[in-house]
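Input: a single structure, listed below in structure tokens.
The values are calculated or read from the model by the stated rules, or taken from the named source; none is laboratory data. If you're wondering where the values come from, they're calculated on a predicted model, not measured in any experiment. Cβ coordinates were reconstructed from backbone atoms using ideal geometry, including for glycine residues, and neighbour counts include every protein chain displayed.
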Ligand SMILES: Nc1ncnc2c1ncn2[C@@H]1O[C@H](COP(=O)(O)OP(=O)(O)O)[C@@H](O)[C@H]1O
Ligand SMILES: [Mg+2]
């Protein structure tokens, strides 16, 4: 018997199961294994959270009173230390009367970062804007012109220093990393060897030793009295260190771009640099957004190591603020919680931004 | 025969030290000539046509393309590449650019054409391959046949004198092969010099002036299609033809 083709009429997709109950049933109590996990984790939370809440909130001292803190010793947190010292922790040793300058400079810098992270503003004028804002940052911080009193770099500190070191470290390290990553794949043996040696050398030593070398060894090779500012030396150290790691992340992306892409570009007559810039790098970088952002976050936190060469960024200025004051010194833990929260806020923002960027670049690759 | 547009003189090529992939290749292609190259897999067909735009370098002999010898001179190579378009088996479109951007890239950056003009040229080529309505899409949103037609249009945007095709239909589903071949046949009708590696023997019969059979890095036999298919001279050619035509 001949069968007749019977098209099935289209119908709408089933209604999606939504709502909290449905979500919980699907995700927390799906089968016996996830149900057990959920219950165990809930019990652990019930066991730990009350004690933590007692210490951090209910028994804690919030108003800046040393006596209350001493009374609550051992039972409650002394957030008073933050209320008392926040200015010193955040701004470091910068002269007290001039502290509006680092605040304005840092707000400018963060505004610039915000603008740079927004797609709408990815225009050529961003480059002069960066130069202008960075110039403004250094004029405000250093002074010596426009009637601003001079403040030497050893007095810069706290969050403004952290943000500036991280920003410049990232901005300088990234292009260097791209060049090094390309260099490692160069056909010219001299360039390839140089890039490999650089990456392996720098990756093989801890950042602390790079910073030490940058700040103590570097001046030995310079003519007497000519050694560059410690801030500059440290910045060079951070940049060179970060670039080595970044270069490896970028290289991972370069390797994932199919050879056919380069060949197609070559047959169209594109030069090496045109091919890298228009074809290879856009695809390679899109693939390594998570890894690169990981490096950026690491750079941000690694700036805390510059304390070792007497630059008191956020972590260092916390030490300065509390070590000098015997009364408040016992409450360092609370101070660390405070700066940890600041670090977390920045790193979390970077990680969220990374997800957004990933989504942006994947739009163009949808099937 | 007028001055050849492509000329191989005793070309030899090795991969590594001991893999002799092209052996004593002598070949002359006249302007406007349409050549089909066939032969078993691994016989060096791709390598041969990739030598024409120096995606591969030869170690012995000389290759001239539109009068320029291919050497280490980067400028000469770039000049030749502007005259030679190439279509790959795997399309090799740029997935991060739209179809239109794929086409305007070379005119804008290599040909220094202003954007508006480049887009005009691109749209004309897209119409030529009958795919203009897809200009704003990304390559991976298109079917294989559409992608390959975009790849052809992209190669045509620089107004090449020579077009190379390396098995352009081998990665396509059967129903898409025809739409690509139609575009190629049309191109052949317009006097383009074409060198196609393909096993589409219908295409060879329809458009080729000459069919070349390669085996083990050598040109075994070459003849006009009617002669090639009806009176192959060598045993190896006969053997190959019987396999590929399925009798
Ligand atoms: N880059 C390469 N390095 C080493 N061997 C290669 C390379 N490319 C191709 N070959 C080898 O050279 C031979 C000819 O390859 P190819 O020109 O692609 O043949 P065809 O296109 O006729 O199938 C094959 O045996 C292949 O494995
Ligand atoms: Mg091949």
Report task. Would you point out the residue of the stretch B:70-85, among those that are in a helix (DSSP H, G or I) and surrounded by fewer than 21 Cβ atoms within 10 Å (Cβ to Cβ), that is farthest from the other protein chains (Cβ to nearest Cβ)? Result -> B:76
Report task. Please go through the stretch B:8-19 and pick out each residue that is surrounded by fewer than 16 Cβ atoms within 10 Å (Cβ to Cβ) and away from ligand 2 (no atom under 16 Å from the Cβ). Result -> B:9, B:10, B:12, B:14, B:16, B:17, B:18
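Rundown of residues vs (1) closer than 19 Å to residue A:345 by Cα; (2) within 14 Å of chain B (Cβ to nearest Cβ); (3) at pLDDT below 90, yes/no style:
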residue	(1), (2), (3)
A:274	no, yes, no
A:283	no, yes, no
A:291	no, no, no
A:315	yes, no, yes
Query raised in the report: In the list B:100, B:93, B:55, B:70, which residue meets the criterion of being away from ligand 1 (no atom under 16 Å from the Cβ) and within 19 Å of residue A:272 (Cβ to Cβ)?
Result: B:70
Report summary line: Those residues of the stretch A:187-201 that are modelled with pLDDT of 90 or more and farther than 12 Å from residue A:248 by Cα come to a total of 9
Report task. Within the stretch A:78-89, identify whether any single residue is at pLDDT 80 or above, touching a strand residue (DSSP E or B) at 6+ places or on another chain (Cβ under 7 Å) and within 30 Å of residue A:319 (Cβ to Cβ), and answer yes or no. Result -> yes
Query raised in the report: If the Cβ limit is 7 Å and pairs must be 6+ apart or interchain, which residue in the stretch B:36-62 that is under 14 Å from residue B:162 (Cβ atoms) pairs with which residue that is near ligand 1 (Cβ under 9 Å from one of its atoms) and part of a loop (DSSP other than H, G, I, E, B)?
Result: B:50/B:56
Report task. Within the stretch B:167-176, identify whether any single residue is more than 16 Å from ligand 2 (Cβ to nearest atom) and either touching a helix residue (DSSP H, G or I) at 6+ places or on another chain (Cβ under 6 Å) or within 17 Å of residue B:81 (Cβ to Cβ) (or both), and answer yes or no. Result -> yes
Report summary line: Taking the stretch B:20-69 and the residues there that are over 17 Å from residue B:160 (Cα atoms) and within 14 Å of chain A (Cβ to nearest Cβ), the one that is farthest from ligand 2 (Cβ to nearest atom) would be B:57
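Residues are listed down the side, and each one gets a yes or a no for (1) out of contact with any strand residue (DSSP E or B) (no Cβ under 8 Å at 6 or more places or on another chain); (2) in a helix (DSSP H, G or I); (3) in contact (Cβ under 8 Å) with a residue 60 or more places away in the chain:
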| site | (1), (2), (3) |
| --- | --- |
| A:238 | yes, yes, yes |
| A:254 | yes, yes, yes |
| A:265 | yes, yes, no |
| A:270 | yes, no, no |
| A:273 | yes, yes, no |
| A:276 | yes, yes, yes |
| A:282 | yes, yes, no |
Query raised in the report: Is there any pair with a first residue in the stretch A:100-113 that is outside the structural domain of residue A:138 (by TED's automatic domain parsing) and under 9 Å from residue A:133 (Cβ atoms) and a second that is assigned to a helix (DSSP H, G or I) and at pLDDT below 90 whose Cβ atoms are under 6 Å apart and which are 6 or more apart or on different chains, and what are they?
Result: none
Query raised in the report: Any residue in the stretch B:142-150 that is within 16 Å of ligand 2 (Cβ to nearest atom), within 14 Å of chain A (Cβ to nearest Cβ) and in contact (Cβ under 8 Å) with a residue 60 or more places away in the chain?
Result: yes
Report summary line: Those residues of the stretch A:230-265 that are within 14 Å of chain B (Cβ to nearest Cβ) and within 19 Å of residue B:90 (Cβ to Cβ) come to a total of 10
Report summary line: Counting only helices (runs of 4 or more DSSP H) entirely within the stretch A:19-72, those with at least 3 residues that are modelled with pLDDT of 80 or more are A:32-53
Query raised in the report: With (1) within 14 Å of chain B (Cβ to nearest Cβ); (2) not in a helix (DSSP H, G or I) as the list, and residue A:361 as the residue in question, which single condition is left unmet?
Result: (2)
Query - Number of positions in the stretch B:97-137 that are in a loop (DSSP other than H, G, I, E, B), buried (at least 21 other Cβ atoms within 10 Å of the Cβ) and over 20 Å from the mean Cα position of the chain (by Cα) - result: 1
